[in-house]
Each structure stands twice: as C-alpha cells, then as structure tokens.
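Reviewing the structure listed below.
The values are calculated or read from the model by the stated rules, or taken from the named source; none is laboratory data. Keep in mind the model is a prediction, meaning the values are calculated, not measured. Because the Cβ atoms are built from the backbone with ideal geometry, glycine has one as well, and the counts that use them run over all protein chains shown.
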Amino acid sequence: MHVTESLLHALKAHGAQEIFGIPGDFALDFFKVIEDSGILPLYTLSHEPSVGFAADAAARLNCGLGVAAVTYGAGALNMVNPVAAAYAEKSPVAVISGAPGEQEEHSGLLLHHQAKTIDSQSLIFKEVTCDQVKLDHAERAAGDIARVLKNCRQNSRPVYIELPRDQVFKPSQPVSNLPLPQPDPDALAACVEEVCNRLDTAKAPVLMVGVEIRRYRLEQKVAELAQKLALPVVTSFMGRGLLASAGAPLLGTYMGIAGTPDITRRVEDSDALLLLGVILSDTNFGVSKKQIDLRKTVQAVDGQVSLGFHVYPGIPLDALVDGLLNCVSSRQPKSGIKPAVSYPRGLQADDHTVTPTDIARGVNDLMLDHGRMPIAADTGDCLFTALEIENTEFVAPGYYATMGFGVPAGLGIQATSGQRPLILVGDGAFQMTGWELGNCSRYGWDPIVLVFNNSSWEMLRAFQPQSGFNDLSEWRFAELADALGGEGRCVTTRRELKQALDAAARQRGRFQLIDIRIPRGVLSDTLTRFVAGLKKRRRKQSR
C-alpha cells in the first residue's frame, strides 16, 4: 500500500463518499490513483470554488466527510473562500492539494503557481482549517492522516492535507481510525443534572437546534429528547432544514423581528432557552425583537456547555444529548405542540407578475404533489424565500453568506445522495457558478434550478437603494440551458411559473432551469421584514 491508497481508504473510513476536484500538474499522479483505484468516485467540476462548495454540501447532507482535491497554488488558493465558509459553518471538509516534490523545492528556482514562498499556501489554509499536515515523510504519513481526520470529525471543521508529488507512490501503512476523546464522567453527570434541573423548574422552556446536531448525527436523538421533555422546538436560521423527518414538535425557524410572532415571543420570553449546537452569530440572533440575555440560556456548542456563569469544558454535544436522554429515560413521549408556521400554498395560475413568495407557493405545491426534495439555496432573497417553503433537507450559507454556493451545492447533493435537488439561486450568484450545470450530463444529474432573475443584486439594493452599482445586465439564462445540456424556460407570470414547475417535475434526465423574471424592488415577505428590522435596529444603535 502506498501513501495515496492509505489516504483514500482513510477518507472513506471517515465517512467520505466521493471526491470533488480539478486536476493540475502537481496533482496528476494523485488524480490518476483516485481514478484507477476506484476507492472513491471522482467528480470533476469547472472551477475550484465550486469544488469546495460541492464538497461542503455533500458533507452537510450525508453527515460525513466532504473531500475537495486540487493542485498547488492556482488551484488551492482559488478555493480559500469556500473553505472559509465551511470553517465558519462547521462543515467537515478535507482539502487535499498536490504540491512540489522535495527536489523541486530545493532547485533554487521559483516554481510556477508559487506565491511568496513554498509554504505560503499551507500558511493561508492554516487560517481556515482546524488542522494541517504536509505528507512529506511516508513513514509517518499514516499517523499524520489519522490525526487530521480525527480532528476533522471531532471539530466538524475543514482540514488541509498537502501531498507532494514525489510522495504519491511511497510505501505507507494503513491509517488507524483514532478514537475521539471522552468527557470526564463526573463532570458530565454534574452537567446533565444541572441542565435537567434548569429545564424542570422552568415555566417556559424552549429548545433551539443548530447545525451541530446535524453534523454529529443527532437529529433523531434530539427529537426523542424534545418529545420526552415536551419541549417546543425551533431551529436557528442557520439550522433551517433540521429535524425535517425526525418527528420533533417543531414550531418553525426563529427569525426574531423577521419571523413568526409566536415563535419570536416564545424564544425571547423563555426562562430556559436550551441551545443545542447553535452558533452564536449575527444571522441567528442579530434581528431579535428584544435582546436575549445569553447568560440565562443553556448553550451546548463547540465541545462545552455553559449555564449562566457555570461552564463545563470538554463536554461534546453527543455526550450531553445521551446524558439527557438517560436522565429522562423513564418519561413517556408527549405530543400536542403544533407548528406555529403556516406555509403559503395554492399558486394562482394568472397573469400577475411573479414575486418571491409566489415561488414559495409554487414549490410547496410542487412538493405536495411530487414529494419533498432537498434544497440548496444561495445567499440573498432566494435564501429568505426558502424560509417560506415547507421544512425539508436544506443546505445554504446562512451565516457566512457567500455568493455562488447554490448551484455547486445542489450538484454535491445529487452526487452524494442520488436525490434530485431543487436549487434556489439569484441571477448574480448564478453568474458566478451557474455554469457548473454544464457538468450534469456527464454524471446524469438533473436538478431543478430556479433563478430569481431581477437583473440586480437585489438584497444589496434593499439596504442601499440609491446605488446604481446594484444593477445587472439582463442575462437570458433559459436560452443558455440547452447549450449546457439542460432544458430552460423563461417565465414572467404566475401562470407560466406553475406550468414550468409542473413540466420540470415531470422531466427527468436533464437539468431543468426556470428563469423567473421578478421586477426590481420586489422582495419576499421574510426578507422585507428582515431588512426593516435590521434597519430599525441599526438606527437605534447609531443614536
């Protein structure tokens, strides 16, 4: 067994189901082994940012390990932004970059793709990964790979692996699957007792779930816990799509000022707000109607639990959830909590122009007739429109908010799961990565792509309407679909939208692109409330 085979088997053992990549000269031998060995399937895309987004989405959907493989310099540095997004949103992605061999490093010449120094690339990735290794000594490669992949799983964050091309075929040992650290049993017991006491004595407890419960495969356990404790459950904004099939007493998604009033009231008035795996970001809590005193919450995230001024370090989320389930094991599950959100349905087939909320109605009708589909959403109003769609498996850059995520993320979903995804993307983001749809025909992917086309960076316009730089040219995306191997339709009315959605659902084997023309200045109801609330809050803060 050589270094590359050891690495590929280890990736698979840690939950990777495929590799997304773009080859280059420093990585050609590595890619050849991937292809020839068949240990993991390889999907090549057209631009490195898309490779990173696809690997991120695959990791999120299958609760495993995403893998992005690139070449040195021009390839890897092109992927820094998607890896930063994965780091911010706690998505376990292994970045593997080819690199110059030892003789090349000491040739006395600057090497093509080199930026400042040979090590500049690894130093840059150190800022956006939780562990890094350069596999320049084959005799210790197995141990180094084991360490970084363990840290990737434990922290649910990206890692960086650099593979010099002269090491690809060096002999190596199989990689061990290192055990994750276990919490101190006494500390865990004390923590569980305090959390249970806090919930039992509370008058209005609420459970909010965040991305970590998905990353650590805890959705079913958390749903069971919520039922036994009779806790109403909400997701954070970043956690949209969680518990879609878990049977939890889910009210909806907490959005503060922009959300459902009943959910906002319950969360912000709760005397025991249990935050499981919720990242304390501005997108999750920046639009609260009234300031939440986080010292009065129970926070379990990043491997520790905080209750006011009491902090229990070294308590992973899965250990806490198991401990809480043991604590309430004798209780019978309870039900009766009803969702607080009524999703819009019944798209009118008339000649009115289309609004984002009309799109939500159409999608809800579509999934009622044809079954739920996983959704990949880009940032912008397409993301806020998704909050008006029935809860389903969902990936989006809810915190990092990078453009260009949606299309490659949808391809990552279909590659890793085989499910047909629905992709929601604005015209600005589509201009960045929408061309990856041209790769669908090679792999048999057939997503349904809804382009919110208002010839504008409309979310930016919502905050700064006076600026002309938010205007975009009119791009006729539907006309390009056929050239890319798909089928496109342009719609301007609700009647045309309904017809296009029905036709797209029936057609399989080619991607379906619906170019939805939305007048400038028309926003979803959710984004309208979000913008109004954020502006109001900023005015107060500036006084």
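Any residue at all in region 213-221 that is more than 20 Å from the chain's Cα centre (by Cα) and basic (Lys, Arg)?
Here is the first cut: in region 213-221, the ones more than 20 Å from the chain's Cα centre (by Cα) are 221.
If we keep only those that are basic (Lys, Arg) as well, we get 221.
Yes, some residue in region 213-221 is more than 20 Å from the chain's Cα centre (by Cα) and basic (Lys, Arg).
From the set of residues in region 448-499 that are in contact with a Leu (Cβ under 6 Å, 6 or more places away or on another chain) and in a strand (DSSP E or B), which is farthest from PHE405 (Cα to Cα)? In this case the residue turns out to be VAL491.
The residues of region 11-22 that are crowded, with 24+ Cβ neighbours inside 10 Å and closer than 21 Å to ARG215 by Cα, listed by number, are LEU11, ALA16, ILE19, PHE20. Of the strands (runs of 3 or more DSSP E) contained entirely in region 46-145, those carrying at least 3 residues that are touching a residue at least 24 places away in the same chain (Cβ under 8 Å) and closer than 23 Å to TYR400 by Cβ fall at 66-70, 93-99. The set of residues in region 494-543 that are among the β-branched types (Val, Ile, Thr) and under 30 Å from ASN439 (Cα atoms) comprises ILE514, ILE516, ILE518. Among the residues making up region 226-238, those that are under 21 Å from LYS296 (Cα atoms) and of a type outside the set (S, T, N, Q) are ALA226, LEU229, ALA230, LEU231, PRO232, VAL233, VAL234, PHE237. One residue stands out in region 76-102 among those that are under 20 Å from LYS32 (Cβ atoms) and surrounded by fewer than 24 Cβ atoms within 10 Å (Cβ to Cβ): the one that is modelled with the highest pLDDT, namely PRO100. Could you tell me whether ILE375 is farther than 19 Å from THR253 by Cα and buried (at least 16 other Cβ atoms within 10 Å of the Cβ)? Judged against the criteria, ILE375 is not a match.
Yes or no, residue by residue, for (1) closer than 19 Å to GLN414 by Cα; (2) at pLDDT 85 or above; (3) surrounded by 16 or more Cβ atoms within 10 Å (Cβ to Cβ):
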{"site": "GLY488", "(1), (2), (3)": "no, yes, yes"}
{"site": "GLN499", "(1), (2), (3)": "no, yes, no"}
{"site": "GLN507", "(1), (2), (3)": "yes, yes, no"}
{"site": "ARG537", "(1), (2), (3)": "no, no, yes"}
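If we keep just the residues of region 23-39 that are aliphatic (A, V, I, L, M) and either at pLDDT below 95 or in a helix (DSSP H, G or I) (or both), which is surrounded by the most Cβ atoms within 10 Å (Cβ to Cβ)? Break it down stepwise before answering.
First pass over region 23-39, keeping only residues aliphatic (A, V, I, L, M): 27-28, 33-34, 39.
Now restrict to residues that are either at pLDDT below 95 or in a helix (DSSP H, G or I) (or both): 27-28, 33-34.
Details: ALA27: 25, LEU28: 13, VAL33: 17, ILE34: 23.
Ranking the qualifying residues of region 23-39, first place goes to ALA27.
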